[in-house]
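The values are calculated or read from the model by the stated rules, or taken from the named source; none is laboratory data. Quick caveat: nothing in here was measured; it's all calculated off a predicted structure. So basically every Cβ, Gly included, is an ideal-geometry build from the backbone, and we count neighbours across all protein chains shown.
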Protein chains: 2
Amino acid sequence: MATAKANKRIVTALVALALMCSAAFYALAQQASDAKKSSPAPAGKRHTLAATLETVQWGWLDPKEPPKLTVDSGDVVSVETMMHAHDKVRPGITMDEVVALRRANPGGGPHSMTGPIYVNGAEPGDTMEIRIVKIVPKPFAINFNLPGKDFPTIGALAPEMPDGFIKFFTLDLKKRQAEFKPGITLDLRPFPGTLAVGIDPNDPSPRKGGSTDPMAPVSTLRPWKNGSNMDINELQEGATVFIPIFLKGGLVWTGDSHCRQGNGEVNLTALECSYREIAMQLVVRKDLKLEWPRVETKTHWIAMGFDEDLNKAMVNAVREAVDFLEQQKMVPMSRYEAYSLASMAADCRVTQVVDVRKGVHCMIPKSIFTKKS
Amino acid sequence: MATAKANKRIVTALVALALMCSAAFYALAQQASDAKKSSPAPAGKRHTLAATLETVQWGWLDPKEPPKLTVDSGDVVSVETMMHAHDKVRPGITMDEVVALRRANPGGGPHSMTGPIYVNGAEPGDTMEIRIVKIVPKPFAINFNLPGKDFPTIGALAPEMPDGFIKFFTLDLKKRQAEFKPGITLDLRPFPGTLAVGIDPNDPSPRKGGSTDPMAPVSTLRPWKNGSNMDINELQEGATVFIPIFLKGGLVWTGDSHCRQGNGEVNLTALECSYREIAMQLVVRKDLKLEWPRVETKTHWIAMGFDEDLNKAMVNAVREAVDFLEQQKMVPMSRYEAYSLASMAADCRVTQVVDVRKGVHCMIPKSIFTKKS
C-alpha cells in the first residue's frame, strides 16, 4: 500500500524503539527462570497484506484457511482491515441492514478478519509475540447497539433498550479525534478488537454448523487462549501481546478494528473503524510458555481472564495476575505474597461484557518494581 | 488532635481549592435541570472527632447510635479512625488472632467505624456531599488473606489459598510509600474503604441478630445506596462523593481506612491502615436527588453498581453511568446516545469482589466534554 511505503522510515524507527522497550522489560519478567533468553529480534523484512475478499474472512477462524502471507519471525507486517461483514457495515447503512447482516451469518461474529499469516518456525507450544508498531485508521467509523427486543442478551442494558441505534463518525485523523456531537469530542485510541492466532482445538466454543470436529471453524465471537476477540482497550500502539500458539505457523489474524473503546464495551460496539494499516512485528518465542495471552505496555503488564460468567472471568484474571507475579524473577515472591501484592496494586477492569464470553483484565504497574535487576 | 490543629491553615486552603473545583464541575453536570443551584458552600467551622471506644463502633451501623458530633452543612470535620476490630488488628497480630476476631462478631464487618456525625438540616431525600479534603495516615499498615480452607468464599482465589497470610508494613509518610519487600515499593493512595450515611431502611442486607426490624443495625460488610463499604479506590484526597440521605441528620460514619488498593481488592484486604485524620467537608444538598452514590474527581465522574453477582453489579453500574450521561445538562443527549457514549468512553473497573455484595464502577472522563457551558 502506498501509505505504508511512505511511512516506512518512521515505522522502522518505531520498530527499533519497540524492540528496545519491549524485549528489555519482558525478559526481566518472564516466567521460566532457566529459559534461554531470546535476544531482541532483529527488525526483519517488511510485508503488506491488503484487505480483499480473498484475504479477509467474515466471522470465523478456519484452521484450514490457506495462508495469505508467509513471513519469518521478526518480520513486520502492515495489514489492512475491513469494516464488519466484509466491509458492508459502513456509514450510511440502516439498522435493518445491520440486523439482516448479523442474521446472515448465524453463530459467526460480525468481524472481518484479515489473514491468516503463516510465521515460519512457529510450532504448537511456542508463544507468538505481536508488537503493535503502528495503527493508521481509515477516516470513518460507526457505533451501534442492536435492538434489545430482538437481541435481549447482547449489550449490558439490552432489555432496557428495545430499539436499535446507530451513529456515524468522520474521523479527524490529523487531530486524532472524533466528534460525538457538538460539545463532546473523543480522542482516538485505536487498538485491534480481535487479534488471534490459529484456534485452540480444545476451545469449548461451538464450531461452524454444529460440527463436532475440533478443527472445524470457530466463531470470532468468543475470546479464548488464542486471543481472538479480546477487546483489550489497552492493546494500543506500542503495546505487545503474547499469545500461546496451537497450530503450526502460528496463523495470525486481525480484525474488529477499533478506534476507541471504554472498558466494558457496554452497548456492544466500540468506535468501530477499519485500518489502512496496522503494522505488527511477529516474533516466535521458543523460550516463553503461556497458557493464556498476556499484554505488556510501556507502563503495565496485563493479565486477562475470560468466561461466560463475569464472576469467573474475574477469578481467572486474578489467577493469571498472581501467576505472573509469582513467576517473574525480578523480585522473587511466594504465591501468597503475589496474591497480597495483587490485592494492593493490580487494577482489574471489565474488558467487555458483550462477546458471549466476557473478559476482565488486571493491570500490574511496572513502577512498583524499584529493583532494576 | 494536635496534628490537626497544626495543619489548620493548609486544610483551609485545600478546602477553598476543593470548593472551587468540585462545586463548579458538578453544578454543570447535575441532573435536575430546574433545580435551584446551591452556591458553593462557605468553608464552615472546623471540628475534630477522635477515635475512642465511645466514638467508634465495630462492624455495624446502628441508626439508633447517638451522634458523637453535630455540625452544620459546610463544616469540615477531621475524623480519626482505628484499625479493624476496635484497633485490635495491628502489626504483630497472629493469623489465629485475626480469625478469632473475625468470628467474635458474627455477621458484622471487621471495620471500626467512627461516628455517627449528625449534620443539621439533613433530611431523608437530600444528598450528602462529602468532600475528601485531606488524609493523614498513621504510620503502620497490614494486608492479609483469611485461610481459604475456613473461609472458602472470601477472596477471589480463596479455594486455591488454603492458608492465611499476613504482612505488616511501616509506612514512610514523608515519601508516602510502603515497601512491600526489597525491590517493590508501593506509593500510598489513601482513601476511606467505608464511608456511610445512615442506613437505608429498605436495604435487603440482614440485620444484627437476625432482627426483622428494618431499623436494626446493618453490617458494614455490604456496600449499598447509603455508601458504606464501597471500597472505591478513586475516592482519594480531592475527590467528592454524593450519597443519598435516608435518615434525619444524615449520620456520617467512616472506617476501613485504606492506604492503597488495587481495583478488585482481590485477597480480601487493601493496605489496611488507620488515619490520624481524614478531613471531610460535609455539605447537605437539597437540590440534588440521587438513588445511588456517585463520585467526582478532578478528572472523572464515577458511577457505581453493587450486587452479590458481578454480572448484575456491572449492569447496575452501566445503568448509573448512562443515567448520568442522559441527565447531565452540558450537552443534552438521548438515552441511546448516552448508552453509545458510555460504550466508547466510560472505563468500567471491578471495584471489589470481597464484600459479599460486589462492586463495579464506571469512570466517565470530564475531558470528553469540550463545550464549556
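Every condition in (1) under 25 Å from A:C259 (Cβ atoms); (2) more than 7 Å from chain A (Cβ to nearest Cβ); (3) part of a loop (DSSP other than H, G, I, E, B); (4) not hydroxyl-bearing (S, T, Y) is met by B:F324 except one, and the failing one is (3). Of all the criteria given as (1) touching a strand residue (DSSP E or B) at 6+ places or on another chain (Cβ under 8 Å); (2) modelled with pLDDT of 95 or more; (3) at the interface with chain B (Cβ under 10 Å from one of its Cβ atoms), the one not satisfied by A:M304 is (3). On inspection, A:L288 qualifies as in contact (Cβ under 8 Å) with a residue 12 or more places away in the chain, more than 9 Å from chain B (Cβ to nearest Cβ) and either assigned to a helix (DSSP H, G or I) or farther than 18 Å from B:N267 by Cα (or both). Among the residues of this structure, A:R319 counts as one that is assigned to a helix (DSSP H, G or I), among the basic types (K, R) and at the interface with chain B (Cβ under 7 Å from one of its Cβ atoms). Determine whether segment B:124-138 contains at least one residue that is without any contact (Cβ under 8 Å) to a residue 40 or more places away in the chain and assigned to a loop (DSSP other than H, G, I, E, B). No, that holds for no residue. Enumerate the helices (runs of 4 or more DSSP H) found wholly within segment B:1-118, keeping only those where 2 or more residues are surrounded by fewer than 19 Cβ atoms within 10 Å (Cβ to Cβ) and either touching a Pro at 6+ places or on another chain (Cβ under 8 Å) or at pLDDT below 95 (or both). It comes to B:2-6, B:8-29, B:95-103. Annotation note: Cβ proximity below 6 Å between a residue of segment B:192-211 that is in contact (Cβ under 8 Å) with a residue 60 or more places away in the chain and in the same structural domain as B:Q352 (by TED's automatic domain parsing) and a residue that is loosely packed, with under 14 Cβ neighbours inside 10 Å and of a type outside the set (D, E, K, R) (sequence gap 6+ or interchain) occurs for no pair. Of all residues in segment B:139-163, those being closer than 30 Å to B:T240 by Cβ and free of Cβ contacts under 8 Å to residues at least 40 places away in the same chain number 1. For beta carbons closer than 7 Å, sequence separation of 6+ or different chains, a first residue in segment B:45-63 that is closer than 16 Å to B:Y118 by Cα and a second that is at pLDDT below 95 and not small (G, A, S), the qualifying pairs are B:R46/B:K8; B:T48/B:M1; B:A50/B:M1.
In the set B:L235, B:L282, B:L247, only one residue is part of a loop (DSSP other than H, G, I, E, B), in contact with a strand residue (DSSP E or B) (Cβ under 8 Å, 6 or more places away or on another chain) and among the aliphatic types (A, V, I, L, M); that residue is B:L235.
Note on segment B:208-224: among residues that are in contact with a strand residue (DSSP E or B) (Cβ under 6 Å, 6 or more places away or on another chain) and surrounded by fewer than 20 Cβ atoms within 10 Å (Cβ to Cβ), the one that is farthest from the other protein chains (Cβ to nearest Cβ) is B:A216.
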